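Data first, discussion second: the structure below is written as structure tokens.
The values are calculated or read from the model by the stated rules, or taken from the named source; none is laboratory data. Here the structure is a predicted model, which is why all the values come from computation and not from measurement. Cβ sites come from the backbone with ideal geometry, for glycine too, and all protein chains shown count toward neighbours. Ligands, DNA and RNA are excluded from the accessible area calculation, which covers all protein heavy atoms including side chains. Shrake-Rupley method; radii C 1.70, N 1.55, O 1.52, S 1.80 Å.
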Amino acid sequence: MRLLVVEDEQKAGEYLQKGLTESGFVVDWANNGPEGLHAATTSHYDLIVLDVMLPGMDGWQIVTELRKTVDTPVLFLTARDALNDRIKGLELGADDYLVKPFAFAELLVRIRTLLRRGPIKEPELFQIADLELDVPKRRVTRAGQRIDLTAKEFALLHLMSKRVGQVLSRPLIASQVWDMNFDSDTNVVDVAVRRLRAKIDDPYTLKLIHTIRSMGYVLEDRG
């Protein structure tokens, strides 16, 4: 099994590389963000151990870029233990989160657990009530009627379908669909949701996209 460690602290990087190598892994170590992203996207790894606070590019940015093309499991290692930081990392696509300082034995258990899971294959067909989303064909129908969506509308609906029943914040939607940091003065997310609703909800009695005040949006069948 080949692992990539992205850690800018010299002692921590050497400690992780040595310990994981002694545990039977082949370990590459990158000590800054751009180097880590380059390694992760140009070589095959079974798992990536990723620090959040890195020079050049932080862990949030790296995992956002990775998830566009790579489904390699990512374990965040960071001193930031606030709940919002943990939620942010998982929302962006990380698979686990371990706060420094940590016991090496726990890190090893978490790595082996993630490796046993293997990559998760996403479903190609989603159905919520009478709404169907066929990802490979990029086809959307409701009540058997074809609905034409723009590329961004399809990406937004796909994101909501993958997380049906989960409230998606505006910053999360902006980062996943538009690859942008959310600006509270920008209403791009609200406008996009409104346009999507006009196509998949307005003509029908049963509404599937719901606004959660001060939080975001959720796709679910409340019928």
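Miscellaneous remarks
- Residue match in region 70-93 (condition: assigned to a helix (DSSP H, G or I) and modelled with pLDDT of 90 or more): no
- Test for residue 109: is it open to solvent by 30 Å² or more (accessible area, probe 1.4 Å) and either part of a strand (DSSP E or B) or not hydroxyl-bearing (Ser, Thr, Tyr) (or both): yes
- Within region 8-35, the set of residues being surrounded by 17 or more Cβ atoms within 10 Å (Cβ to Cβ), under 17 Å from residue 109 (Cα atoms) and among the hydrophobic types (A, V, I, L, M, F, W, C) comprises 16, 20, 25, 27.
- Leading residue by the ranking (farthest from residue 88 (Cα to Cα)) among those in region 173-196 that are modelled with pLDDT of 95 or more and open to solvent by 60 Å² or more (accessible area, probe 1.4 Å): 195
- Among (1) open to solvent by 60 Å² or more (accessible area, probe 1.4 Å); (2) touching a Gly at 6+ places or on another chain (Cβ under 8 Å); (3) touching a residue at least 40 places away in the same chain (Cβ under 8 Å) - the single one residue 5 does not satisfy: (1)
- Scan of region 61-71 for residues that are in contact with a helix residue (DSSP H, G or I) (Cβ under 9 Å, 6 or more places away or on another chain) and open to solvent by 20 Å² or more (accessible area, probe 1.4 Å), ordered by number: 61, 64, 65, 67, 69, 70
- Residue check, residue 117 among the basic types (Lys, Arg), in contact (Cβ under 8 Å) with a residue 40 or more places away in the chain and within 30 Å of residue 77 (Cα to Cα): yes
- The sole residue among 21, 69, 78 that is more than 17 Å from residue 101 (Cβ to Cβ) and either in contact (Cβ under 8 Å) with a residue 24 or more places away in the chain or within 22 Å of the chain's Cα centre (by Cα) (or both) is 69.
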